[in-house]
Every structure is written in structure tokens, then in C-alpha cells.
1. Output the qualifying pairs, or none if there are none: Cβ atoms under 8 angstrom, residues six or more apart or on different chains, first residue in the stretch B:36-53 and within 14 Å of chain A (Cβ to nearest Cβ), second residue among the small types (Gly, Ala, Ser).
2. For the stretch A:173-186, state whether one or more residues are crowded, with 20+ Cβ neighbours inside 10 Å, in contact (Cβ under 8 Å) with a residue 24 or more places away in the chain and touching an Asp or Glu at 6+ places or on another chain (Cβ under 6 Å).
3. Tell me, which residue of the stretch B:62-87 that is more than 9 Å from chain A (Cβ to nearest Cβ) and free of Cβ contacts under 8 Å to residues at least 12 places away in the same chain is nearest to residue B:25 (Cα to Cα)?
4. State whether one or more residues within the stretch A:464-478 are without any contact (Cβ under 8 Å) to a residue 60 or more places away in the chain, assigned to a helix (DSSP H, G or I), among the β-branched types (Val, Ile, Thr) and surrounded by 13 or more Cβ atoms within 10 Å (Cβ to Cβ).
5. Name the residue that is surrounded by the fewest Cβ atoms within 10 Å (Cβ to Cβ), counting only residues in the stretch A:257-291 that are at pLDDT 70 or above and touching a Pro at 6+ places or on another chain (Cβ under 8 Å).
6. Find the residue count for the stretch B:72-86, including only residues that are farther than 18 Å from residue B:182 by Cβ and either surrounded by 23 or more Cβ atoms within 10 Å (Cβ to Cβ) or more than 22 Å from the chain's Cα centre (by Cα) (or both).
7. Given the options A:471, A:458, name the one that is in contact with a Lys or Arg (Cβ under 9 Å, 6 or more places away or on another chain), more than 14 Å from chain B (Cβ to nearest Cβ) and on the phi > 0 side of the Ramachandran plot.
8. Return a yes/no flag: does the stretch A:456-463 have any residue that is at pLDDT 85 or above and buried (at least 19 other Cβ atoms within 10 Å of the Cβ).
Amino acid sequence: MKVCKSLFALCFSVLIVFLVVAPMASAAQDTGKKIVVGLSADFAPYEFRKNINGKDEIVGSDIEIAKRVAADMGAELQIQDIAFDSLLPALDSGRIDMIISGMTPTDERRQNVDFSDTYYISRQVIVTRAEDTTKFKTMESLKGAAIGVQRGSIQQDIAKGIEGAKLSPVDKVSDIMLQLESNRVDAAVMEGPVADGQVLNHPDLAITDIQIPDSDTPMAIAVQKGNTELLGQINKTLATLKANNEVDKFVNDAFKLNSGESTGETAEQIKDKPKPNIFQIFWDYRNYYWQGIQYTLFLSAMGVLFGFIIGLIVSLLRLSQISVFRWLAMTYIEILRGTPMLVQLLIIHYGIAQAFNINFTVLESGIITLSINSSAYLAEIFRAGIQGVDRGQTEAARSLGMSYGATMRHIIIPQAIKSVLPAIGNEFVVIIKESSIVSFIGVADLMFQAQAVRSITYSALSPLIIAAAIYFVMTFILSKLLGIVERRLSASDQR
Amino acid sequence: MINVKGLKKSYGKNEVLTGIDMDIAQGEVVVIIGPSGSGKSTFLRCLNLLEQPTAGEIHFENELITARKHDIDNTRKKMGMVFQHFNLFPHKTVLQNLTIAPIKVKKMNTNAANKIAEDLLHTVGLADKSKAYPSQLSGGQKQRIAIARALAMQPHVMLFDEPTSALDPEMVGEVLEVMQKLAHEGMTMVIVTHEMNFAREVGDRIIFMDAGQIVEQGTPEKVFGAPSHPRTQDFLSKVL
């Protein structure tokens, strides 16, 4: 009982602290008309994150367009930052109303969504290391080269057309930069303005003279298939924008905003500016990391708390005399342990939304995934703990007239939990690290924030190293704290 | 008080009890002796259904406790049991070990349960250990606590399963002393033991079991003094 109580007290105090501290995403749900735009905010100048007056904001030409669309509809604009290749499932499942993310209408995409009129046509370029620009002068010279692209992008399709090219698709544009700088790829196919911004901040990289044939790529807004009403409204707004040449202006402004020219610096000055070191990046973006830490800890605490409760129930079913329960619990455990957590996350977030029309928020999906995933592991830990308690304990309790339930609750489970406490603590540590996958669906956890800092600073590596250091500090402190709790609990074992 | 008829117990093909009939009267102290593997512990554990009998009937206070629908938890409240390996709850203090069942099963309030527990601790001579944890006690102390724990439920009968077998020799005395006191107070007791002198002293009736059967029974004077069956004679000649 005492073990149980203090453990729950611990869990709840952690919980309450973060309930108070954590900035809940699901706060303030207003009643007015609302339009949700999905985009992958690492695609400057179309959409990117920028620290404006100390506040993290998503800006870019696509955002300006989105604002117009929303204004014309008289709706409030809400932006969701999602990995590029998760945008289509997000739209499909109705989590977002439209995608404005520099997306090119391809036939393949048209099968799943409807596209608006083209609002901008961009060019594609090949980026390589500065010293290699002489090597790559024509498309033919790229034959057999290793090429970096953003996964699921139109650039990936272009790269596929290069003979013998070895494609290396990654999630983030900053990852492509990292691949180039670390010699993992020879060249990268990128959107022209995106490449301009990157090259400006990476003096060791350059844009080649290669002209990619038929590479003019139109951009359009995607809506759910059959949503003609919304599509009509969007096209009307786009027509006005195009008539006034406003999209070009948006792109130009955004490029300047991104490259820093809007602050009065010239391209030369930016190139010569010393790159911030890792400590400076950490200090400048500490708010990002602090927010990320809160989300990560909140998610992990919730994951372990619910995982603990569900896991305990599943382990009891697993040990039940009734074979149906045993079978159910075993299936639950095996399936959850035998499939990757990322797959579980995507199924819960997108699959359930599609199949049952239940739309969890990203935070809810994250918590549910972490909870059920850890519950499967904790269930097996608990089972081992329960089975490890001497049979004589059950016999003694039952001989005193205690029921099976009371025996479990008061005698067996407290002893079992105490003996598996190190394993539970270990699971908590694991969860803190593994929670980083929720950034995939757009939960603003530590990993997500690190990615944001990467795309803002054009520094591909340092923000990740900072995140790694923070993860380490968190898990290290946690293991130490758990060690103290363990020692307290084992006080009754002293001879 | 307890009436056993045709009790059988097998594990797979191995028949451990081959048909036992026994009646135990109110206030009687029955001591069961016999070689290892004779089924005496199994028999004792069948009395409160820690082992489910394969066949036969057990009546306790005129209730058929082997009936399918019988609420065994209710019966176990009235049958205390003491184990060879004490089985104290290691995560609870001595006092909590004594009070948990009265509080959780009998829904007694904490003060009343504490009162009973403290009186019992006094009786077994361990009043000063109420706040200790089992791991801080010696074997003899543990077993005295285990007896007190069973008594805290105010049972009508006490079952002892080799209560001194796991103890160092110098600690056997203190446990037997407590049991003797209990017998003198008129408690109905069924004891499985290897302590022959103790059996002779406190037993109203001695039962000698071998190979899953009752071979011989009677007063201590008769069984120890003039055993009639050759197997009893053989066993006693080895242990006495």
C-alpha cells in the first residue's frame, strides 16, 4: 500500500507540475469559423520558422497566401506544422482543411486530393559543394551520383529521372545540407529560392549551372477530394492575387526576410557574418528548447502514468484464469511490442481519424501512442514481478480470508512493484528518449524544436547536439532520482 | 467441528491422499505425525482448501465447504493457519501484518484492530516489535508473529503446518511455548509436526499418517507408549 501510495504521489506530483507549466496545445478552442492550413515549415522562403522579436513564428510567402484565403473567407487562420510527407494523410483524414506548402500537383497526388489553380511556378536547381561546381555542369555529369532530396517531394521525382542516381531522401531540408557537407551525397535537387537561402548561409555550398529540363514546377493548394466549395473560394482569392502580381511580391519579401536582407544587410554581409557557435545557438534559442523540454517531460510523464495503469491491468489479465482474457492480453502485448512505435503513432493519428472519424489532437495522439506502447512493456515487467512474489505470500493472505482481489491489491502487487521499480524507472528513461518520434506528427517536443532551430539558424548539426545534451541531462537526472526513491523504498528490507 | 469424509487428493497420477476420514471436536488438539511425503501437510492444506481435494467431503461447523458454491473466503476467516516458512508480509510492519486482515476482511476499524493486535503481540511476548519489519526479526520471532497474525482474525480453529521445521533449534522452544499456551486456553488445533515430545505433551489425539492414509490414531499414551501397527513402531523407533 505504502509503495503504491508513494509511487502514485510521485507520478501525480510530476503530472500536476507539468499540467500547470506545460503550455497545452488544446487550450482555448474558439467557436468562430476556422480554417486549418497544413504545411512543412522548413521550406524557405515559402514557409519557414523565424524568430521575430523573440517569438517563434511561421512565416513565408505561402503563409501570406493562406492569410488572404482565410481573410476572404472571413475565417480565422490556424497553421499546423507537419512533416512534408505526412501532409497528405493529414488532409485525407480531415485534420487540416488545406495544404499550402509549395506543393506541386502531380498525377499521383491528384488521385488523393484536389488542387487549386497554380499560384506560383518555381524553378529547380542542383546544389553541390562549392568545389564541385566545375564537376557538375550538365545533367549527364550527375549520372550515378548520390543525390539528396526531401522525401515525398517533387525534387525526389526529378532525381529519380537521373540515370543511375543513388537517391537519399530525408525529412528536412537541413538534413540535405548536412548530407552535402558530410560528403554523403554529391548533389541535391532543390527548389530555386530554397537553395538560394541555404547557399547564402552555407558558404561551402553552391548552386550549379545545370539547367534541369522541364523543371518548372507549379505550386498549388491542395484540399480534400470533392471539396469544391472550398476550392472555388481558394481559386477566387488566387485569381485576385495573381492579377495584382502579389505572389511574386510575397516570395521576394519572404526571401529577404529569410536571408536577413529585410534587416538592411546585404548578401555579402550575411556571407561574411561569423557563424554562431553551439553555445550561442543554445542561448539564442533557449525558449525553443525550454518549450520542447516541457512537452517532452509532459508527454513522457503522461505516457508512463497511463502506461503504468494500463500495463498493470493487462498484466493481471495476462495472469488471469480465464483463457479469453489471457489470450487478449497476450495479443495486445505481442502486437504492440512487435510493431514500430512510429507505425503505431501514424495509425493512431491518421488511421483512426480516417476509419472512425475520431480526430485526436497531435498531443493526444502522442500521449495515447506512448501510453499503449509502454503499457505493453510494463505489462511484461509487472507479470515478471507478480510471478516473482513467493507463492507463500498468496497462501498466507488467502488463508486469512482475503479474496483474490484483495490479496493482489494489498499483498502481491505492492511487493511486485517494489521489485520491478528499477525496470519501471528504466522504462521512463526509455520513454523520454522515444517520445522524440511524436515530433513526426507535429507535437512541439524537444526534437521538434531542435528541428525548428535547425531550419531557422541554417546550422544543421549544433541544434541536434544541444537536443542530445538536453535529453541526456534529463534522463541522467531521472535515473539518479529513481535511485533515491528506490533506496527509500527498500528501507523495509534492511536487516 | 471439522468432519472429513473420504478425502482424496492426487496430482496427476500421483495419489497423495488415498481416502481420509476424520472428525475433530471443539477444543481438541490433534497432532499429525508421520514420515516425509506421507501426505500430512497436504491433508492440512486441504482443510482450508489451499489444496483443492480431488474427492471427498469436508464439513466445517456443519457447512459443506467442499461444495462448489461455497464461499471459502468466509470459512477461512474462521480457520487460522501457520506456515513452515512464516510467510509474513515483508512490506508491512509487524502491526500491519496483524491488522491487515481484520481491517480489510472483517472491515474492523483501525483502532479496534490495533487494540487486538497489541494484545496479541503482548501474548506472544513481542509487544516491542510492533513497528519493526519482518526482515528485522529472528526466525522464532517471525513465527510467533505469524501465529499472532492468524489469531488476530479470532479464528475458531488453528492449523499449524510444521511450524518449527524451518527454525534454528534454539528458537523452537519459544514457538512451542506460545502454542502450548494456546492449547491450554482451549483453542481447537490441528498440528503437523516432527516435535514428538511436544506432540506427546499437548496432543489430545495423535494421528500417524503414512502413504496418504491414517495408519493409527489414539491418545499420546497409546500411540507413543504402545503403538499397535508395525509401521508406527518402525517410524517411532527412528525418531524417538
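1. That search, which allows pairs on different chains as well, returns B:48/A:399; B:50/A:399.
2. Yes - at least one qualifying residue is present in the stretch A:173-186.
3. B:62
4. Yes, because at least one residue in the stretch A:464-478 is without any contact (Cβ under 8 Å) to a residue 60 or more places away in the chain, assigned to a helix (DSSP H, G or I), among the β-branched types (Val, Ile, Thr) and surrounded by 13 or more Cβ atoms within 10 Å (Cβ to Cβ).
5. So, considering only residues that are at pLDDT 70 or above and touching a Pro at 6+ places or on another chain (Cβ under 8 Å), the one surrounded by the fewest Cβ atoms within 10 Å (Cβ to Cβ) is A:284.
6. Qualifying residue count, the stretch B:72-86: 1.
7. A:458
8. Within the stretch A:456-463, one or more residues are at pLDDT 85 or above and buried (at least 19 other Cβ atoms within 10 Å of the Cβ).
The values are calculated or read from the model by the stated rules, or taken from the named source; none is laboratory data. Computed from a predicted model, the values in this text were never measured in an experiment. Every residue, glycine among them, receives a Cβ derived from its backbone with ideal geometry; neighbour counts consider all protein chains shown.
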